[in-house]
Amino acid sequence: MATDDMRDQIFELAERVRGPVLLPDQEGFEAELSGFQAGYRHQPALIVGAETAEDVQAAVRFAVARGMAVAVQSTGHGVTVVDEGGVLISTKRMHDVTVDPESRSARIQAGARWEQVVAAAEPHGLVPPSGSAGHVGVAGYTLAGGLGLLAREIGYAADHVRAIDVVTADGELRHVTNDSDSDLFWALRGGRDNFGVVTSLEIALHPVERIYGGGIFFGSEHAEKVFDFFQEWTSQVPEAMTSSVGMIGYPPIPVFPEPLRGRHVVHVRFATTDLKRGPELVRPWLDVAPTLLEHLGELPYSEAGSIYREPNFAHYYDGNSVLLSELNAQILEAVRELAGAEAQVPCVVDLRHLGGALSRPPAVANAVSFRDAQYILRVLSAPDSVGLSEVRAAHDRIDKAVAPWTIGRALNFVYGMRAADDFRSELYEDAVLARQSALKAHYDPNNVFRCNQNIEPAV
């Protein structure tokens, strides 16, 4: 409960910002706090619903003057370390997108979602390096690396960032580029919200008119054949093809297509800009096993969300990811047995093919690590059905089974509340982590931005 003196100070803050300033006992606080992740929520002392970069500056200065932590939330997909008693800056009102077709770039405010960027870019024959779900926020996704729908062809989203506007711990708004602040520019692209609150970024767009993509569903009784073929097929496809294989159990409710309803299935997904070779590359999959459902063909990029069919409603989920050096029979067997139809804890599995452009260093270096990974394995579960301890134990068993081939984890795919140091050393290569820690000590020596798998300042 805020004291009278604190309330007076908060009232003064509210007078200086355009957006709402909310305390826990005020109307609108809970709605502002809610995000896509329904299981974990920040517990701040107050929320600033920023409308401008100046609002962000005022919020940061307010927090720093009172020794409070700062957390930031756009869509709320990636809550991993819950802020308690600090200042939460909500950026969802900052969602302007401006496309420059001449320079093939977009200036995107921090609260925008990828679907908004796609809508603005597509009329110009351009697409962003966005992911498989359009409702994901641009800033958090990109600054954590950004593993996109066309990732093997385009690379990480962070590789295409040209400039970043960020409010640092001193309350200053900086326009950061490789020429102006090479160290901070390097750290932000991969370090996410460890160095400040990003208010906007400029990112390169790519000339794409249409893509070939979609997916094929198989019953999970054919999982061994499907997984084995995925291993063989991905070892030889060109980098213009980005693909993944997933497993999921669908409940028997009418919202899902009849062939999938009440079934545990394997879903293979494809996306490529090569309209000529795409059908030819995918065609062998139709002979792997009997199919339950197919959705393949050319489509505008604005319909790319239909490839993965990911849920767009808030829900409670917990999970993690591991980056793998290879894919082999032992890994595939472990995934089928520990996360398949007979798993003790129901799991959603996503095994994505990496390599290609993801393996190459970008023109301007950044903090994204483990580029030699060839696959990423994501496993999620709903703790509200079986309990968080059971979920974590089940996921740990999978982690241990694939540990010999694990080289790290991806910041984009760490789900659910974690202690700040749970996976820090696994998210970055040693040299990257050491450099980030040194830069943290320079830009944020008092660790103001200490949410979401933060980097500790070097001592």
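The values are calculated or read from the model by the stated rules, or taken from the named source; none is laboratory data. Everything numeric here is computed off the predicted structure, so don't read it as measured data. When we count neighbours, we look across all protein chains shown, and the Cβ atoms used for this are built from the backbone with ideal geometry, even at glycine. Each accessible area value is taken on the protein alone, full model and side chains, heavy atoms only, with ligands, DNA and RNA left out. Shrake-Rupley method; radii C 1.70, N 1.55, O 1.52, S 1.80 Å.
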Query raised in the report: Would you call Ala119 among the aliphatic types (A, V, I, L, M), more than 29 Å from Arg409 (Cα to Cα) and outside any loop (DSSP other than H, G, I, E, B)?
Result: yes
Query - Residues of the range 387-396 satisfying the condition of being open to solvent by less than 50 Å² (accessible area, probe 1.4 Å) and either over 18 Å from Phe413 (Cα atoms) or among the aliphatic types (A, V, I, L, M) (or both) - result: Gly387, Val391, Ala393, Ala394
Query raised in the report: Got a sec? Which of Thr75, Thr98, Thr91, Thr52 is open to solvent by less than 40 Å² (accessible area, probe 1.4 Å), farther than 26 Å from Phe313 by Cβ and among the hydroxyl-bearing types (Ser, Thr, Tyr)?
Result: Thr52
Query raised in the report: How many residues are surrounded by fewer than 21 Cβ atoms within 10 Å (Cβ to Cβ) and aliphatic (A, V, I, L, M) when one looks only at the range 366-380?
Result: 0
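Filter the range 101-116 down to residues that are open to solvent by less than 40 Å² (accessible area, probe 1.4 Å) and in a strand (DSSP E or B) and give me whichever is farthest from Tyr40 (Cα to Cα).
Once the filter is applied, the top-ranked residue is Ser105.
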Requested in this report: Of the numbered conditions (1) touching a Ser or Thr at 6+ places or on another chain (Cβ under 8 Å); (2) within 29 Å of Pro128 (Cα to Cα); (3) β-branched (Val, Ile, Thr); (4) part of a strand (DSSP E or B), Ile248 fails exactly one; give the number of that condition.
Outcome: (1)
Query raised in the report: Can you name the condition, by its number, that Gly28 falls short on among (1) open to solvent by less than 60 Å² (accessible area, probe 1.4 Å); (2) touching a Ser or Thr at 6+ places or on another chain (Cβ under 8 Å)?
Result: (2)
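Mind listing whichever residues of the range 273-296 are under 26 Å from the mean Cα position of the chain (by Cα) and more than 11 Å from Ile307 (Cβ to Cβ)? Steps first, answer last, please.
Of the residues in the range 273-296, the ones under 26 Å from the mean Cα position of the chain (by Cα) are 273-274, 295-296.
Listed by number, the residues that qualify are Thr273, Asp274.
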Query raised in the report: Would a scan of the range 413-431 turn up a residue that is at pLDDT 95 or above, in contact with a Gly (Cβ under 9 Å, 6 or more places away or on another chain) and aliphatic (A, V, I, L, M)?
Result: no
Query raised in the report: Across the range 173-198, what is the total count of residues that are touching a residue at least 40 places away in the same chain (Cβ under 8 Å), open to solvent by 10 Å² or more (accessible area, probe 1.4 Å) and closer than 24 Å to Ser90 by Cβ?
Result: 4
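I need the full set of residues from the range 340-369 which are assigned to a loop (DSSP other than H, G, I, E, B) and closer than 30 Å to Lys225 by Cβ, in order please. Spell out the reasoning first.
Going through the range 340-369, the residues assigned to a loop (DSSP other than H, G, I, E, B) turn out to be 340-347, 354-355, 360-369.
Across the range 340-369, the qualifying residues are Gly340, Ala341, Glu342, Ala343, Gln344, Val345, Pro346, Cys347, Leu354, Gly355.
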